[in-house]
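J.: I have a structure I would like to understand better, so I am pasting it below and will then ask my questions one at a time.
The values are calculated or read from the model by the stated rules, or taken from the named source; none is laboratory data. Remember, predicted model here, so these are calculated numbers, not experimental data. Methodologically, a virtual Cβ is constructed for each residue, glycine included, from the backbone with ideal geometry; neighbour enumeration extends over all protein chains shown. The protein model used for the area step is the full one, side chains on, heavy atoms only, and it has no ligands, DNA or RNA in it. Shrake-Rupley method; radii C 1.70, N 1.55, O 1.52, S 1.80 Å.
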Amino acid sequence: MNELLDMFQAVARTPMIIVAAFAGTAWGIVGGAMPGVSPSIAMALLLPFTYGADPASAVVLLASTYLGAEYGGSIPAILIRTPGTNSAAATVLDGYAMKEQGKAGEALGISLYSTLVGAVFGVLMLLTLTQPLAQVALAFQPQSYVGLGILGLSVIASCSEGSLIKGLMAGVIGLMIATVGTDPVTGVNRFTLDHPDLLSGIPPILVMIGVYAITNLLEQTSTPPWVRTNSNEARLKIPGPLMRARLRLSQVIGCIIGFIEGLTPGGGGAISAFISYNEARRWSKTPEEFGKGAPEGIAAPEASNGAVSATALIPMLGLGIPGSNSAAVLLGGFLIHGMTPGPLLFTKHADIMSGFYAGKVISLLALFVLGYLILRPCIWLVNRPKHYLMSFILALVLSGVYAIHGSLFHVGIAIGFGVIGYVFKILAMPMLPMILGVVLGFMVESNYRRALVLSDGDYMTFIEEPICAGLLGLAVVFLAYSIIRHYRDAEKAKQTGLTA
Amino acid sequence: MNRDLVTGLMGLALAIAYYLAASNIAAGQLADDVGPDGLPRIYAWLLGGFSLVLAVRTLFQKAVATSAGEVSEVYAAKRALGIIVIAAVYVAAVPFVGYPLMIAAVIATAALYQGGRLSWPLALTSVLGAAAFWYVFVYLLHIAQPEGIWPELIERMRA
């Protein structure tokens with residue numbers, strides 16, 4: 001009850017939260033509907049704008065974009081058989097089949113309704129679980145932060161996108177980037193090339209804008225123009241009571257899987273959508289209809305996407321560990337405003353977090369209203385020639401990055417990371433491990449050395465401190481599980497290849 | 001050459017360069033047991049080790065001939081280079097030419113480069129787009145973008 005009151009007070013103090021929730025959701029729907037613009041890219045493009053905003057509105061803007069993009073991705077998936085986001089790929093199967101049967105509006109309505117159901121469930125989990133998680137973390141010592149950082153880095157194994165060794169390399173490169181700047185203990189300059197702009201290190205936000213937004217622009221230069229959508233086909237139809245009852249089981253499946261996968265680092269997005277689709281088919285009384293226009297085939301993955309958009313934020317807010325690209329960009333939004341997600345976030349910035357939660361709730365309403373209202377303008381915008389859209393995105397990135405610190409050197413750094421991201425794509429290196437290294441590197445190093453100074457150089461301090469020992473144990477378990485799963489998947493893929 | 005082998009060799013080169021740079025970090029008077037170069041050296045060893053494993057593993061795998069996909073990647077990389085050049089020219093020229101003109105130029109050249117045709121609508125879109133960007137960033141958000149040489153030039157002409 002108190003939390004609810006705090007949320008109301010936060011909105012009363014900062015009414016801009018409402019505007020941010022609606023604006024973020026609207027941009028998310030439009031961004032998600034553009035093929036090739038993932039939720040994390042849509043969010044990264046907004047990062048510079050959040051710099052001048054108040055902290056609560058800034059993070060609400062980004063989190064609402066994430067939610068909006070999860071729904072937006074399903075629009076081209078249903079209308080033109082092209083998922084706007086990776087997580088909408090499962091929606092193509094039955095969404096496009098329904099469109100072929102002349103039920104595009106119904107399919108879009110099921111998608112919106114199911115994303116909303118999943119998001120409501122996800123937000124409830126977010127409100128319930130994040131703060132207790134952070135409460136536990138209040139007892140943290142420097143050693144515990146080292147354990148937490150290493151637990152965060154163990155995530156690398158599960159988000160290596162098929163190549164564990166490349167994921168590890170990317171993670172180490174991220175850690176290397178985090179060492180640029182003034183040394184946290186001695187104040188000595190490291191890898192700064194005597195450039196004053198590098199003394200305070202490379203801001204993670206520049207790395208994120210570079211590897212997400214600019215890299216995507218570079219990739220888009222050689223992809224064909226997007227297929228146009230006929231906006232006359234898009235009259236959204238919200239499901240009636242009978243249809244809602246029919247979708248219930250698949251939505252419950254989507255919510256549960258979205259919840260579990262959202263909490264699992266590297267697990268959200270396309271993976272959870274496809275698992276939900278598969279489980280909904282397995283539990284269905286008419287599995288033969290899947291792939292031929294079954295409404296449950298849209299409901300399950302979309303409910304899962306909605307749930308993930310909230311539950312993926314639980315480890316990021318409670319422990320400071322971003323488990324997905326979108327969570328990493330949102331973390332960047334927190335960092336811009338001097339808030340470090342993790343144990344102290346809820347005590348140091350309690351009022352902002354109440355505003356954030358309020359914004360998440362408002363964004364649910366925004367999704368329902370805007371999902372219905374802006375479908376046609378959204379399709380109009382996405383139908384603009386690709387070369388105009390891409391040139392405006394480039395202009396937005398160049399203007400926005402300069403706006404962060406008023407430094408052209410930083411614009412150059414962001415472009416540089418765009419190139420690095422592009423090289424990573426060519427070499428099939430995963431991006432998220434590098435981002436994890438950049439975000440967690442400073443925390444791991446500064447606390448590791450502080451803990452050793454406090455214990456007179458005794459390395460046993462990391463084992464003797466119970467929280468650190470527990471977190472390190474968890475990291476080992478998580479790493480072992482990820483490695484076993486990695487090799488099991490590789491083995492399975494090899495056997496499938498042989499059979500084929 | 002195999003993509004993974006290239007990745008491994010590039011990683012190894014980066015690890016060596018980073019290790020050499022880490023070795024040149026001054027210890028400082030407040031140095032702790034680990035020192036400012038302690039973790040960077042460990043990172044260099046780790047990257048070197050992982051890169052070596054990747055490269056060696058690739059050498060023992062079957063050689064894969066260059067496929068059509070890799071050829072198209074070269075084409076894609078060349079296309080991407082054009083956008084990098086446009087962005088780099090923007091960074092180099094905006095302090096002199098100023099934000100409104102340069103952002104209009106970026107919109108126009110990027111659109112042309114990505115398949116747009118030189119036409120009045122394109123010119124109009126660039127000008128209106130630049131005006132919109134200037135309005136949002138400079139007027140609404142009060143973010144001072146580079147003005148270029150124009151204010152100084154006008155000042156001189158007045159004097």
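J.: Does chain B come out rounded, prolate or oblate, given a ≥ b ≥ c as the square roots of the eigenvalues of its C-alpha gyration tensor, rounded meaning a/c under 1.5 and, failing that, prolate meaning a/b above b/c?
T.: Oblate, since a/c reaches 1.5 and b/c is not below a/b.
J.: Given the whole protein assembly as supplied and a 1.4 Å probe, what does the accessible area of A:C378 come to in Å², nearest 10?
T.: Around 0 Å² of this residue is reachable by solvent.
J.: Something else: Remind me, relative contact order of chain A in percent, using alpha carbon pairs under 8 angstrom and six or more residues apart? Walk me through the numbers before you get to the answer.
T.: On the way: 967 pairs, mean separation 145.8, N = 500.
Contact order relative to length: 29 percent.
J.: Now for a different question. Using θ = phi - 60° and the Karplus form 6.51 cos²θ - 1.76 cosθ + 1.60, what ³J(HN,Hα) does each residue of the stretch B:50-57 get, whole Hz, x for Gly and Pro?
T.: 3J(HN,Hα) across the stretch B:50-57, in whole Hz: 4, 5, 4, 4, 4, 5, 5, 4.
J.: Something else now. How about the stretch A:413-480: which chymotrypsin sites (Phe, Trp or Tyr not before Pro) there are in a DSSP loop, with at most 13 other Cβ atoms within 10 Å of their Cβ?
T.: The qualifying sites are A:Y459.
J.: Before rounding to the nearest 500, sum -39500 (n - 2.57) across all DSSP H runs of length at least 4 in the protein assembly as shown and divide by the residue total; then give [θ] at 222 nm in deg cm²/dmol.
T.: Taking each H run of at least 4 residues, the total per residue is -23500 deg cm²/dmol.
J.: I need to check one value: relative contact order of the stretch B:78-154, counting alpha carbon pairs closer than 8 Å and at least 6 residues apart, in percent. Working shown, then result.
T.: Working: 60 pairs, mean separation 31.5, N = 77.
The value is 41 percent.
J.: Moving to a separate point now. Over chain A, give the accessible area per residue in Å² for a 1.4 Å probe, as an integer.
T.: 37
J.: How shielded is A:64-73 by partner chains, expressed as the average number of their Cβ atoms within 10 Å of its Cβ atoms?
T.: The shielding value for this peptide is 0.
J.: Sticking with this one: Once you sort the root eigenvalues of the Cα gyration tensor of the protein assembly as shown as a ≥ b ≥ c, which label holds: rounded (a/c under 1.5), prolate (a/b larger than b/c) or oblate (the other case)?
T.: Note, shape of the protein assembly as shown comes out rounded.
J.: Each label point is 7 Å from the Cα along the Cα-to-Cβ direction; what then is the distance between the points at B:R156 and B:R57, in nm?
T.: For B:R156 paired with B:R57, the spin-label model returns 6.1 nm.
J.: Per residue of B:121-132, what is the mean number of Cβ atoms on other protein chains within 10 angstrom of that residue's Cβ?
T.: Counting other chains' Cβ atoms within 10 Å and averaging over B:121-132 gives 2.
J.: What nm distance separates the two modelled labels at A:T223 and B:V85, each placed 7 Å from Cα along Cα→Cβ?
T.: With each label point 7 Å from Cα toward Cβ, the separation is 2.4 nm.
J.: Something else now. Based on the Cα gyration tensor of the stretch A:2-132, what are the three equivalent ellipsoid semi-axes, each the root of five times an eigenvalue, rounded to whole Å and given largest first?
T.: Values: eigenvalues 178, 59, 27 Å².
Taking √(5λ) for each eigenvalue gives 30, 17, 12 Å, largest first.
J.: Same structure again: Whose amide H sits under 5 Å from the amide H of B:G148, counting only residues 5 or more places off or on another chain, with H placed in the peptide plane?
T.: Amide H neighbours of B:G148: B:G98, B:Y99.
J.: Residues of the stretch A:163-179 that become at least 10 Å² less accessible with every protein chain present than in their own chain isolated, using 1.4 Å: which are they?
T.: A:I165, A:K166, A:L168, A:M169, A:V172, A:I173, A:L175, A:M176, A:T179
J.: Over the stretch B:3-59, with the other protein chains present, what is the accessible area per residue in square angstrom, probe 1.4 angstrom?
T.: Accessible surface, normalised per residue, equals 51 Å².
J.: May I pose another question? Run the Debye formula on the Cα coordinates of the stretch B:78-154, all scatterers equal and no solvent, and tell me log10 I(q)/I(0) at q = 0.17, 0.21, 0.23 1/Å.
T.: Evaluating at q = 0.17, 0.21, 0.23 Å⁻¹ gives log10 I(q)/I(0) of -0.71, -0.99, -1.10.
J.: Hey, another quick one. Near the amide H of A:D183, under 5 Å away, which other amide H atoms are found, from residues 5 or more places off or on another chain, if H is placed in the peptide plane?
T.: Placed amide hydrogens put A:V188, A:N189, A:R190 under 5 Å from A:D183.
J.: Residues of the stretch A:382-425 with backbone nitrogen within less than 18 Å of a virtual label 7 Å along the Cα-to-Cβ line of B:A17, please, listed as ranges.
T.: A:412-425
J.: Let me ask another. Could you look at the protein assembly as shown and say what percent of its accessible area is carbon and sulfur, using a 1.4 Å probe and all protein chains?
T.: Whole-percent figure for carbon plus sulfur exposure: 67.
J.: For chains B and A, what's the summed buried accessible area, probe 1.4 Å, to the nearest 100 square angstrom?
T.: Counting both chains, the buried surface is close to 4900 Å².
J.: Using the Karplus curve 6.51 cos²θ - 1.76 cosθ + 1.60 with θ = phi - 60°, work out ³J(HN,Hα) for each residue of the stretch A:183-192 in order, rounded to whole Hz, and write x for Gly and Pro.
T.: Each residue's phi maps through the Karplus curve to give 4, x, 9, 9, x, 6, 7, 10, 6, 8 Hz.
J.: Counting Lys +1, Arg +1, Asp -1, Glu -1, what net charge surrounds A:G118 among other residues with beta carbon under 13 Å of its beta carbon?
T.: Details: positive: A:R248; negative: A:E70, A:E261, A:E302.
Taking every other residue near A:G118 into account, the sum is -2.
J.: List the pair-distance distribution P(r) of the stretch A:340-444, using every Cα-Cα distance, as the percent of pairs falling in each 5 Å bin from 0 up to the bin containing the longest distance, rounded to whole percents.
T.: P(r) for the stretch A:340-444, in whole percents per bin: 2, 9, 9, 10, 14, 19, 19, 13, 4, 0.
J.: By the scheme Lys and Arg +1, Asp and Glu -1, what is the net charge of all other residues having a beta-carbon under 13 Å from that of A:I257?
T.: -1
J.: Moving to a separate point now. In the structure displayed, which of A:K99/A:K360; A:K99/A:K492; A:K386/A:K425; A:K99/A:K237; A:K285/A:K492; A:K285/A:K360 lie more than 24 Å apart, Cα to Cα?
T.: Values: A:K99/A:K360 31 Å; A:K99/A:K492 35 Å; A:K386/A:K425 22 Å; A:K99/A:K237 13 Å; A:K285/A:K492 29 Å; A:K285/A:K360 35 Å.
With Cα atoms farther than 24 Å apart: A:K99/A:K360; A:K99/A:K492; A:K285/A:K492; A:K285/A:K360.
J.: How much length is gained if the chain between A:Y481 and A:L454 is pulled fully straight, taking 0.36 nm per residue apart and subtracting their Cα-Cα distance, in nm to one decimal?
T.: 6.4 nm is the gain from fully extending A:Y481 to A:L454.
J.: Next up: What nm value, rounded to one decimal, do you get for the distance between B:Y139 and A:V369 when each label is placed 7 Å out toward the C-beta?
T.: 2.7
J.: Looking at the stretch A:381-417, which residues lose a minimum of 30 Å² of accessible area between their chain alone and all protein chains in place, measuring with a 1.4 Å probe and not counting ligands or nucleic acids?
T.: A:H387, A:Y388, A:S391, A:F392, A:L394, A:A395, A:L398, A:S399, A:Y402, A:A403, A:L408, A:I415
J.: Just to confirm my numbers, what's the Cα centroid distance between the stretch B:115-144 and the stretch A:265-331 in Å?
T.: Between the Cα centre of the stretch B:115-144 and that of the stretch A:265-331, the gap is 38 Å.
J.: Can you classify the stretch B:3-59 as rounded, prolate or oblate using the Cα gyration tensor, where a ≥ b ≥ c are the square roots of its eigenvalues, rounded means a/c under 1.5, and otherwise it's prolate if a/b beats b/c and oblate if not?
T.: It comes out prolate by the Cα gyration axes.
J.: I need the peptides A:25-31, A:271-277 ranked by packing, meaning the mean over residues of other C-beta atoms within 10 angstrom, with the highest value on top. Working shown, then result.
T.: On the way: A:25-31: 27.6, A:271-277: 25.3.
Per-residue Cβ counts within 10 Å, averaged per peptide and sorted highest first, yield A:25-31, A:271-277.
J.: Could you work out the relative contact order of chain B, using alpha carbon pairs under 8 angstrom and six or more residues apart, expressed as a whole percent?
T.: 21
J.: Find the eigenvalues of the gyration tensor of the Cα atoms of the stretch A:407-491, then list the square roots of 5 times those eigenvalues as equivalent ellipsoid semi-axes, largest first, in whole angstrom. If you can, show how the numbers build up before the last one.
T.: Working: eigenvalues 204, 120, 11 Å².
Over the Cα atoms of the stretch A:407-491, the semi-axes work out to 32, 25, 7 Å.
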